[in-house]
Amino acid sequence: MGASIAPARSGVGARDGYNPRSMKPPRERSLGLHRKIDRRDFLNGIALGTGAMMLSPRALLGLGATDEFAPEKAPGYYPPALTGLRGSHKGSFEAAHNLKDGFFERTPPLDTGESYDLVVVGAGISGLSAAHFFRKSAGPGAKVLILDNHDDFGGHARRNEFNEGGRLLISYGGTLAIDSPAPYSAVAKGLISELGIDVASWGKVLERDAYAGLGQGTFFDKETFGQDKLVKGLGRNFWAPDARKGPDPAALAEAPLTEAVKRDILRLETESFDPWPGVPSNEKKARLLGMTYASFLTAVWKLDAGVLPYYQKRPHGLFGVGIDAVSALDAWGLGFPGFEGLKLEPGNFRGMNRDAMRSDEAEDYFFHYPDGNATVARLLLRRLVPAAMPGTTANDVVLARADYGRLDDAGNPVRLRLNSTVIQVQNAGAPASARGVGVTYLRGGRLHTVKAKSCVMACWNAVIPHLCPEMSETQRDALAFAVKVPLVYTSVLVRNSTAFRKLGLSSISCPGGYWNSVRLDVPVSVGDYHCQRDPEGPIVVNLSRVPCEPGLAARDQHRAGRQELLDTPFEEMERQIRDLTSRVLGSGGFDPARDIRAITVNRWPHGYAYQYNALFDRFWVEGGELPCLVARKPFGRIFIANSDADAYAYTDAAIDQAHRAVTELLAARG
Ligand SMILES: Cc1cc2nc3c(=O)[nH]c(=O)nc-3n(C[C@H](O)[C@H](O)[C@H](O)COP(=O)(O)OP(=O)(O)OC[C@H]3O[C@@H](n4cnc5c(N)ncnc54)[C@H](O)[C@@H]3O)c2cc1C
């Protein structure tokens with residue numbers, strides 16, 4: 001599998017920051033075991049549900065069952081503008097966690113009487129794409145229902161909005177950009193172009209000079225490095241990359257690191273060292289594949305162990321784990337320092353993580369909207385439910401205000417029902433001969449059922465075994481293998497950017513901080529939306545975090561990180577935001593009490609799809625059927641999409657897997 005993908009580029013900077021070659025923003029990947037719902041919560045939930053069930057004669061008649069609870073229709077329902085704890089927000093995940101933990105009590109469901117050609121579980125890019133592909137074949141009159149547990153659509157592709165002094169500021173709450181290590185497939189490219197997105201215009205929408213004169217800094221925190229110190233010039237300058245090899249020695253000299261550590265960092269980043277002269281390139285690659293990057297630094301380069309905290313989080317944005325759980329060969333693929341002397345032949349190697357297998361062709365296919373790939377979801381929605389997304393072009397959609405009240409109109413051929421957690425999808429009859437499916441979901445505290453000819457599961461693999469317990473144990477195990485990577489993307493509205501400007505910085509890495517980075521938002525202007533260029537004007541600052549537990553196997557780190565995220569209240573995250581921003585930007589005059597105007601924490605306990613890692617997944621190195629291939633086999637009238645189905649955490653996978661699932665569905669339908 002791994003060896004077939006296009007050659008890796010070495011020398012490209014680690015993607016903990018914007019790629020200096022193409023001025024791309026980074027993919028920030030940063031969160032996992034479920035919080036047990038206590039008995040009291042559980043009882044309250046059930047009491048509410050049962051009470052509601054007894055209330056309505058309309059509901060008892062099966063009439064307007066979906067209208068009884070319809071917050072989306074309320075004037076002012078507009079999730080992109082909500083602040084506080086967003087992403088997997090309160091109320092979106094408890095039912096699924098109860099189901100997993102065996103606490104979910106099935107009260108008698110209400111039959112809505114609705115019947116569809118297709119029900120899609122999950123309104124992320126994969127679910128919306130599946131609905132789109134299905135209609136292209138089945139015709140625009142085909143009846144489709146899309147269900148999602150969140151109060152907003154787009155899945156990870158989420159939009160954050162702020163309004164300050166009459167000015168609208170848009171930022172991203174998750175899926176950041178059209179960007180993938182491997183080239184987009186013809187199907188995925190075709191959809192992007194069908195939606196009207198002009199990827200080639202990226203160079204024009206990025207306002208390169210908006211942060212002219214501002215560079216990159218590194219903040220060393222006292223908890224990790226003994227003292228708080230902001231060092232300007234350390235790290236890559238994303239907006240004006242220089243050609244210097246390695247860190248600026250003058251800047252490094254300022255860092256609160258021992259002389260031995262500074263010397264070793266400089267050696268690693270500037271010297272050419274071959275620990276295995278005469279060994280063929282492929283043998284070297286095999287050795288690197290079997291060790292962590294951390295071991296490569298201390299055991300092969302024999303560097304002072306004090307260098308490790310400086311590099312520990314570098315792979316967080318892509319892998320969701322640190323250098324203790326990333327192979328040295330993947331580190332080479334990502335362009336981390338220390339490999340030049342090995343003279344490795346370019347090209348990928350079986351067992352490399354797909355993130356480390358970059359290709360030049362993929363490099364050129366990049367686009368970032370102010371709300372990231374939420375625009376892709378919004379453009380898909382416009383195709384599916386035109387009344388809910390005004391406008392006609394891929395530029396005007398940026399300022400279009402979605403009309404949530406129109407998502408689930410009874411007259412729409414496609415209906416999108418938010419705040420609806422699917423808890424069961426069952427073939428009507430034996431899987432081999434099933435003529436349809438029954439879908440049960442929880443909405444407004446009540447269980448509801450709908451019928452459909454087929455169902456596409458565009459949710460997360462790990463939830464599917466709980467929704468479809470009739471699947472074989474083999475398939476359920478393969479689905480459960482996909483432990484998603486937890487992450488937090490936070491958008492902070494600040495009064496102005498003067499502190500950044502005074503410090504001469506637009507982006508600060510925090511190798512030891514609670515938050516990995518503090519950055520001014522990507523300066524893009526699309527259509528009538530213009531990025532903030534006025535230093536005195538309000539602006540969004542992005543922070544990211546990847547919770548994990550170094551030392552454990554990757555998937556256990558993700559589980560531990562997820563638990564941490566679910567256990568951390570918003571107040572604690574806010575405290576961490578105020579604490580870090582005051583320490584990082586304080587010398588520039590930043591006062592969190594005065595300058596922070598609003599905070600949106602987008603927490604994703606189930607974030608990136610898990611990508612196979614040679615250190616922990618022997619099948620990825622040695623061959624054998626991949627769990628994702630076993631997991632995505634059709635089960636009667638149930639078909640599986642979503643990015644987990646390809647073990648690849650990118651939008652193109654979400655689209656490709658939707659297309660494959662719909663193709664299987666159509667073939668099965670004959
Ligand atoms: C913070 C972050 C940043 C990212 N950045 C990028 C990037 O820059 N570029 C890129 O290509 N990819 C990025 N990704 C990867 C991203 O996951 C994919 O690009 C893509 O958005 C995934 O789409 P999806 O539809 O497969 O899954 P999702 O977006 O997760 O959508 C699945 C939906 O199904 C819902 N669901 C789950 N269970 C149920 C249930 N029982 N009932 C109803 N609904 C359910 C989920 O809540 C979710 O809304 C990022 C991911 C994260 C978390």
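Tell me the residue from LEU566, LEU666 that is at negative phi and more than 16 Å from the ligand (Cβ to nearest atom), please.
Among LEU566, LEU666, only LEU666 is at negative phi and more than 16 Å from the ligand (Cβ to nearest atom).
Here is a yes/no grid of residues against (1) among the polar types (S, T, N, Q); (2) within 30 Å of GLU345 (Cβ to Cβ); (3) part of a helix (DSSP H, G or I):
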position: PRO256; (1), (2), (3): no, no, no
position: ALA260; (1), (2), (3): no, no, yes
position: ASP264; (1), (2), (3): no, yes, yes
position: TRP276; (1), (2), (3): no, yes, no
position: VAL307; (1), (2), (3): no, yes, yes
position: TYR310; (1), (2), (3): no, yes, yes
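In the list ALA400, ALA410, which residue meets the criterion of being part of a loop (DSSP other than H, G, I, E, B), surrounded by fewer than 21 Cβ atoms within 10 Å (Cβ to Cβ) and assigned by TED's automatic domain parsing to the domain that holds PHE133?
ALA410
From the residues in segment 377-397 that are within 11 Å of GLY527 (Cβ to Cβ) and in contact with a Ser or Thr (Cβ under 9 Å, 6 or more places away or on another chain), which one is surrounded by the most Cβ atoms within 10 Å (Cβ to Cβ)?
Quick first cut of segment 377-397, residues within 11 Å of GLY527 (Cβ to Cβ) only: 391, 393-397.
So of that shortlist, the ones also in contact with a Ser or Thr (Cβ under 9 Å, 6 or more places away or on another chain) come out as 394, 397.
Values: ALA394: 23, VAL397: 26.
Selected residue: VAL397.
Hey, HIS448 hits all of (1) within 27 Å of the chain's Cα centre (by Cα); (2) within 15 Å of the ligand (Cβ to nearest atom) but one; which does it fall short on?
That leaves (1) as the condition not met.
Right, SER201: surrounded by fewer than 23 Cβ atoms within 10 Å (Cβ to Cβ) and at pLDDT 95 or above or not? Give the derivation first.
Numbers: surrounded by fewer than 23 Cβ atoms within 10 Å (Cβ to Cβ): yes; at pLDDT 95 or above: yes.
Taking the combined requirement at face value, the residue satisfies it.
Among the residues in segment 366-374, are any more than 14 Å from the ligand (Cβ to nearest atom) and assigned to a loop (DSSP other than H, G, I, E, B)? Spell out how you get there, then give the answer.
First, pick out the residues of segment 366-374 that are more than 14 Å from the ligand (Cβ to nearest atom): none.
Within segment 366-374, none of the residues are more than 14 Å from the ligand (Cβ to nearest atom) and assigned to a loop (DSSP other than H, G, I, E, B).
Just the residues that are touching a helix residue (DSSP H, G or I) at 6+ places or on another chain (Cβ under 6 Å) and within 12 Å of the ligand (Cβ to nearest atom), please, taken from segment 106-152.
Listed by number, the residues that qualify are VAL120, ILE125, SER126, LEU128, SER129, ALA130, ALA131, ILE146, ASP151, ASP152.
Looking at ALA645, ALA649, which is the one that is under 16 Å from the mean Cα position of the chain (by Cα), within 16 Å of the ligand (Cβ to nearest atom), in a helix (DSSP H, G or I) and at negative phi?
Sole residue among the options that is under 16 Å from the mean Cα position of the chain (by Cα), within 16 Å of the ligand (Cβ to nearest atom), in a helix (DSSP H, G or I) and at negative phi: ALA645.
Starting from segment 626-653, take each residue that is open to solvent by 20 Å² or more (accessible area, probe 1.4 Å) and list its partners that are within 8 Å of the ligand (Cβ to nearest atom) and of a type in the set (S, T, N, Q), counting only C-beta distances under 6 angstrom and pairs at least six apart or across chains.
ASP646/GLN657
Could you list, in sequence order, all residues of segment 463-522 that are open to solvent by 10 Å² or more (accessible area, probe 1.4 Å), part of a helix (DSSP H, G or I) and within 16 Å of the ligand (Cβ to nearest atom)?
Listed by number, the residues that qualify are VAL463, PRO465, HIS466, ARG476, ALA480.
Any residue in segment 204-225 that is assigned to a strand (DSSP E or B) and aromatic (Phe, Trp, Tyr) sitting within a Cβ distance under 7 Å of a residue that is buried (at least 21 other Cβ atoms within 10 Å of the Cβ) and at pLDDT below 95? List the pairs, counting only those 6 or more apart or interchain.
Between residues of segment 204-225 that are assigned to a strand (DSSP E or B) and aromatic (Phe, Trp, Tyr) and residues that are buried (at least 21 other Cβ atoms within 10 Å of the Cβ) and at pLDDT below 95, there is no close pair.
Can you pull out the residues in segment 175-216 that are within 16 Å of the ligand (Cβ to nearest atom), under 22 Å from ARG382 (Cβ atoms) and of a type in the set (D, E, K, R)?
Scanning segment 175-216 gives a single hit, LYS189.
Which number in (1) of a type in the set (A, V, I, L, M, F, W, C); (2) surrounded by 23 or more Cβ atoms within 10 Å (Cβ to Cβ); (3) farther than 28 Å from GLY504 by Cβ; (4) touching a strand residue (DSSP E or B) at 6+ places or on another chain (Cβ under 8 Å) marks the one condition that ILE170 misses?
Unmet for ILE170, out of (1) of a type in the set (A, V, I, L, M, F, W, C); (2) surrounded by 23 or more Cβ atoms within 10 Å (Cβ to Cβ); (3) farther than 28 Å from GLY504 by Cβ; (4) touching a strand residue (DSSP E or B) at 6+ places or on another chain (Cβ under 8 Å): (3).
Hey, could you check segment 226-254 for residues that are assigned to a loop (DSSP other than H, G, I, E, B) and at pLDDT 95 or above and say which is farthest from THR581 (Cα to Cα)?
Top of the filtered list is GLY226.
Could you please give the count of residues in segment 323-374 that are among the acidic types (Asp, Glu), buried (at least 24 other Cβ atoms within 10 Å of the Cβ) and touching a strand residue (DSSP E or B) at 6+ places or on another chain (Cβ under 9 Å)?
Result for segment 323-374: 1.
Taking the residues in segment 318-361 that are of a type in the set (D, E, K, R) and more than 24 Å from the chain's Cα centre (by Cα) as candidates, determine which candidate is nearest to TYR612 (Cα to Cα).
The residue in question is ARG350.
Here's a check for you: in segment 83-135, which residue that is assigned to a loop (DSSP other than H, G, I, E, B) and more than 16 Å from ASN149 (Cβ to Cβ) is least open to solvent (accessible area, probe 1.4 Å)?
Per the stated criteria, the residue is THR107.
Among the residues of segment 284-305, count how many are in contact with a strand residue (DSSP E or B) (Cβ under 8 Å, 6 or more places away or on another chain) and part of a helix (DSSP H, G or I).
Here the count works out to 3.
Would you confirm, using the coordinates I've provided, whether ARG578 is away from the ligand (no atom under 16 Å from the Cβ), within 23 Å of ASP221 (Cβ to Cβ), touching a strand residue (DSSP E or B) at 6+ places or on another chain (Cβ under 9 Å) and not in a loop (DSSP other than H, G, I, E, B)?
When the stated conditions are applied, ARG578 passes them.
Residues in segment 136-167 that are out of contact with any Ser or Thr (no Cβ under 8 Å at 6 or more places or on another chain), crowded, with 24+ Cβ neighbours inside 10 Å and not in a strand (DSSP E or B): how many?
So the answer is 2.
The values are calculated or read from the model by the stated rules, or taken from the named source; none is laboratory data. Only a predicted model underlies this, so the values are computations on that prediction, with no experimental measurement involved. Don't worry about glycine lacking a Cβ; one is built from the backbone with ideal geometry, like all the others, and counts go over all protein chains shown. When the accessible area is computed, the model is the full protein with side chains, heavy atoms only, and any ligands, DNA or RNA have been set aside. Shrake-Rupley method; radii C 1.70, N 1.55, O 1.52, S 1.80 Å.
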